[in-house]
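Inspection log for the structure reproduced underneath, given as structure tokens.
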Amino acid sequence: MKTKVFIDGSAGTTGLRIVERMAAREDVELLTLPEEKRKDLNARIEVIHASDVTFLCLPDDAAREIADAVGDGVKLIDASTAHRTSPGWQYGFPELSPAFKEGIVGGNRIAVPGCHASGMVAVLYPMVKAGILPADYPVTAFSLTGYSGGGKKMIAEYEGETRPATFDAPRAYGLTQAHKHLPEVTKIVGFQSPPCFTPVVSDYYAGMAVVLAFHGRLLNKAMTPESLHSFFAEYYAGQKLVTVAPFGAESEQKGYLSGNLFEGWDGMKIYVTGNPDRLMVTALFDNLGKGASGAAVQCFNLMTGAPETYGLNV
């Protein structure tokens, strides 16, 4: 029997990618609405009730509205920011621990992690859980992303013929330290306060490099780049979508790690570099893959009992 799937917000960047993945699957029946009813609340509620699983690819307020309207009996996968810290919603990053994976498998409300947040929690959660990183550590992170992370509006701005010259260079934003991904990072990792975080958008379409740096003297355990690499390699051993690059693998890129290195791939690769005094951990992935639609499809697979990587580019 096919799983009936509805994608609410299928015209957005994330929604379109999920539509492409679902339409190609033999185990899925994709439910749709006529264009004139795409914003009709009652019509959307009706089709969601007819579905087995609905993806929400909506602005935050719209995602909250529809989730409240359909009740608890419908399985929802929300790609917005709306429910990532909400009680009763499972955080959709199964590689963090068996408990996270079990929550997704048995849950009916899944919040897909934010793209920047995915890179941060992949690094920070294991280190806090293992007692390497204190919960009050003054974390500083930056994240380089392609412009597709800003959705249709930013894509149009970057690809427009009259764009300003400032778009030719990387642009830092989130300068008030109120980025919408910080609450989920703080909660999931168990931090006492949010990281100091600088996102940077650059002139390429997709891909992300999330970089975190640590002072060795402030860690709870003495670590070298080699021992920290071994820690992450063991922590993510056996995972298909979060892997650790061999130590020194950045030399393959002549010592550079490009944000678009894994564009089109649905996994995440972690690199450990630096020295015993100042250690660096970088998560490289596609902001539209493991940072959005790929993660949503992974959660769908776990919820429905399909192979975890079915329909993903691995």
Tell me, which residue of the range 223-242 that is touching a residue at least 24 places away in the same chain (Cβ under 8 Å) and in a loop (DSSP other than H, G, I, E, B) is surrounded by the most Cβ atoms within 10 Å (Cβ to Cβ)? Leu241
Within the range 1-12, restricting attention to residues that are among the aliphatic types (A, V, I, L, M) and part of a strand (DSSP E or B), which residue is nearest to Thr304 (Cα to Cα)? Val5
Verdict on Pro98 being farther than 27 Å from Ala50 by Cβ, surrounded by fewer than 19 Cβ atoms within 10 Å (Cβ to Cβ) and not hydroxyl-bearing (Ser, Thr, Tyr): yes
Taking the range 13-26, which residues are in a loop (DSSP other than H, G, I, E, B) and either buried (at least 17 other Cβ atoms within 10 Å of the Cβ) or touching a strand residue (DSSP E or B) at 6+ places or on another chain (Cβ under 6 Å) (or both)? Arg25
Taking first residues from the range 1-18 that are farther than 21 Å from Gly289 by Cβ and second residues anywhere that are of a type in the set (Gly, Ala, Ser), the pairs with Cβ under 6 Å that are 6 or more apart or on different chains are Lys4/Ser51; Phe6/Ser51
Name the single residue that is nearest to Pro126 (Cα to Cα) among those in the range 142-177 being within 18 Å of the chain's Cα centre (by Cα) and either in a loop (DSSP other than H, G, I, E, B) or free of Cβ contacts under 8 Å to residues at least 60 places away in the same chain (or both). Gly174
Kindly indicate which of Val244, Val200, Val211 is of a type in the set (Val, Ile, Thr) and touching a Pro at 6+ places or on another chain (Cβ under 9 Å). Val200
Return a yes/no flag: does the range 153-174 have any residue that is touching a Ser or Thr at 6+ places or on another chain (Cβ under 8 Å), at pLDDT 95 or above and closer than 27 Å to Ala233 by Cα. no
I need a count of the residues in the range 41-56 that are part of a loop (DSSP other than H, G, I, E, B) and out of contact with any helix residue (DSSP H, G or I) (no Cβ under 9 Å at 6 or more places or on another chain). 1
In the range 183-211, residues that are free of Cβ contacts under 8 Å to residues at least 40 places away in the same chain and either out of contact with any helix residue (DSSP H, G or I) (no Cβ under 8 Å at 6 or more places or on another chain) or within 17 Å of Ser148 (Cα to Cα) (or both) total 1
Taking the range 90-99 and keeping residues touching a Gly at 6+ places or on another chain (Cβ under 8 Å) and of a type in the set (Phe, Trp, Tyr) leaves Tyr91
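The values are calculated or read from the model by the stated rules, or taken from the named source; none is laboratory data. The shown structure was predicted, so the numbers you read here are calculated from the model rather than taken from an experiment. As a convention, Cβ positions derive from the backbone with ideal geometry for all residues, glycine included, and neighbour counts pool all protein chains shown.
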